[in-house]
1. Taking the stretch 66-84 only, how many residues are under 17 Å from Val434 (Cβ atoms) and without any contact (Cβ under 8 Å) to a residue 40 or more places away in the chain?
2. Name the residue that is farthest from Phe407 (Cα to Cα), counting only residues in the stretch 306-320 that are of a type in the set (Gly, Ala, Ser) and surrounded by 12 or more Cβ atoms within 10 Å (Cβ to Cβ).
3. Could you check the stretch 171-186 and list, in sequence order, the residues that are more than 21 Å from Leu106 (Cβ to Cβ) and either among the hydroxyl-bearing types (Ser, Thr, Tyr) or not in a helix (DSSP H, G or I) (or both)?
4. Inside the stretch 417-437, can you point out the residues that are of a type in the set (D, E, K, R), touching a residue at least 60 places away in the same chain (Cβ under 8 Å) and out of contact with any strand residue (DSSP E or B) (no Cβ under 6 Å at 6 or more places or on another chain)?
5. Mind listing whichever residues of the stretch 73-100 are surrounded by 17 or more Cβ atoms within 10 Å (Cβ to Cβ) and within 23 Å of Gln173 (Cα to Cα)?
6. Sort out which residues of the stretch 93-129 are assigned to a loop (DSSP other than H, G, I, E, B), under 17 Å from the mean Cα position of the chain (by Cα) and more than 23 Å from Arg438 (Cα to Cα), and write them in order of number.
7. Scan the stretch 149-165 for residues that are on the phi > 0 side of the Ramachandran plot and buried (at least 19 other Cβ atoms within 10 Å of the Cβ) and report the count.
8. Pairs, please: C-beta under 8 Å, at least 6 apart or cross-chain, first residue among the polar types (S, T, N, Q) and in the stretch 342-356, second part of a loop (DSSP other than H, G, I, E, B)?
Amino acid sequence: MGNTADSDFPVSVSSLHFPSAEHLSVSQTLASLRRSALSVNNRLRSIEADATFAREVADHYDLPLVANERCGSWYIPPEVKSGSAYFKSTDGHTGQWDFSFRRLNLQILPLAREHGGCIIVDSTRRGKLMPDALSKTIPIWCAVFNRALFPSETAYHSVELPPNYLGASEESQIENRIGGFVHSLKSLKLDLDELRQQLGKPIRVAWANRTYFHPTDLRKGKDYNLFVLCSASKRVYGAEISEGGYIQGAGDDSEAWAHGLTPPVFWAHNSTLLSTAEEDIPDVIETLTQEHRMQTSTQQATLIAPSRNLYISQIDPGLLDKYDLVIDCNNAEPTQNPRRLNLGCISSKQGGRDLRNHLEKVRDFISSRLSAAPSQSLLVMCESGKDISAGVLLSIICLFYDDDGEFVGPRTASIGKQFIRQRLAWIVSSKHDVNPSRSTLQSINAFLMQRPGY
């Protein structure tokens with residue numbers, strides 16, 4: 001099922017690009033061959049082949065396709081993509097098994113109830129059967145929610161792991177951590193009754209890849225929601241050149257090869273891109289992505305519940321006039337508008353660390369503006385709409401809002417990590433792709449727990 005003929009990935013001598021030097025060492029020759037095999041064109045053909053397999057899995061189980069971002073979206077055409085999940089392989093690495101508070105993935109619960117489950121699509125690099133997100137991170141997540149939401153359904157409390165994949169010791173160590181993860185989830189003070197209603201039934205786990213479907217007899221049923229963990233790529237043991245140009249996990253690490261191409265643009269223009277010569281692809285991608293940006297309508301900001309006036313979004317000038325107050329985390333231009341605050345945080349991975357230099361300005365702005373009229377709408381924007389802006393909102397929620405989402409600040413009582421974690425759950429539950437970096441959260445923790453008294 002889902003096999004793709006090698007002829008779909010031509011690697012004729014004329015299609016290979018060698019260095020112009022007359023004398024090449026063996027290592028240089030092999031490196032040149034590998035670069036040619038890893039061409040953008042081969043990547044896109046591999047993605048298209050893997051997407052065919054993902055569709056076959058969806059037809060087999062009669063379940064909707066959900067992309068495990070960022071890689072998974074490459075393998076699902078937008079017209080059949082039902083949602084996104086944000087499970088990290090690092091949370092499944094050996095010895096580092098974790099249940100992430102920054103990636104609760106609550107958006108999957110109502111989708112699973114509506115359809116009886118879902119298929120979560122991902123892939124991984126050459127040589128591995130599946131990413132750790134599918135073999136461990138998601139099974140851990142499923143076991144935690146089964147225990148937390150359905151405490152009496154003990155048949156679903158054990159971690160379901162792929163067959164003959166992990167050692168007995170690792171399986172046992174993972175199982176022993178579930179109780180602690182359940183306790184941590186409950187400590188977030190989420191409405192578990194509401195989450196139970198959203199999911200409806202416990203979760204069963206199955207795996208689908210080019211090697212096997214397991215368990216073979218499992219289908220969605222009346223007593224459980226079926227989560228099928230689909231690794232889209234064919235497992236490749238040798239070098240890509242041995243596979244006729246097929247690349248396992250071709251959609252991974254797209255920043256390094258895609259020239260700005262995104263999955264929506266690829267699927268809208270895949271026939272054009274696949275018929276474009278390799279040397280012309282960067283220019284074609286630039287043209288298509290510019291057209292896509294121009295055609296994309298102004299995005300909507302997301303309300304952070306249970307507040308009724310706090311919003312988060314990516315930077316978008318079209319949103320500025322729709323909110324009473326705006327904090328732009330990355331804009332460094334001075335503003336004379338008393339309803340605007342530009343923080344000027346660095347636009348890079350260093351931005352989270354830089355944030356701690358601006359949080360007093362945020363506190364003072366909120367104190368002077370919202371205290372006078374607490375019902376005013378506040379929009380916080382950053383470059384991604386997922387990191388710095390989430391950190392700024394987290395500081396505001398911790399300092400100025402009570403458990404019901406009402407403005408009451410400024411808070412004078414001490415603030416601890418558990419309190420911050422509970423407030424972060426508001427943001428993650430409201431905007432599911434929010435992912436504040438470790439440095440951003442460290443900045444928030446340092447500011448809130450060591451701030452001077454009022």
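1. Adding up the residues that qualify gives 1.
2. Applying the filter and picking the extreme gives Ser313.
3. Once the filter is applied, which keeps residues that are more than 21 Å from Leu106 (Cβ to Cβ) and either among the hydroxyl-bearing types (Ser, Thr, Tyr) or not in a helix (DSSP H, G or I) (or both), the stretch 171-186 yields only Ser172.
4. Arg421, Asp433, listed by residue number.
5. Those that are surrounded by 17 or more Cβ atoms within 10 Å (Cβ to Cβ) and within 23 Å of Gln173 (Cα to Cα): Phe87, Lys88, Ser89, Asp91, Gly92, Trp97, Asp98, Phe99, Ser100.
6. Matches in the stretch 93-129: Ser123, Thr124.
7. Qualifying residue count, the stretch 149-165: 0.
8. Note: pairs meeting the criteria are Asn342/Asn331; Asn342/Ala332; Asn342/Glu333; Asn342/Pro334; Asn342/Thr335; Ser347/Asn330; Ser347/Glu383.
The values are calculated or read from the model by the stated rules, or taken from the named source; none is laboratory data. As the structure is a prediction and not an experimental result, all values here were calculated from the model. For neighbour counting, all protein chains shown are included, and Cβ atoms are generated from backbone atoms with ideal geometry for every residue, glycine included. Heavy atoms of the whole protein, side chains included, go into the accessibility calculation; ligands, DNA and RNA do not. Shrake-Rupley method; radii C 1.70, N 1.55, O 1.52, S 1.80 Å.
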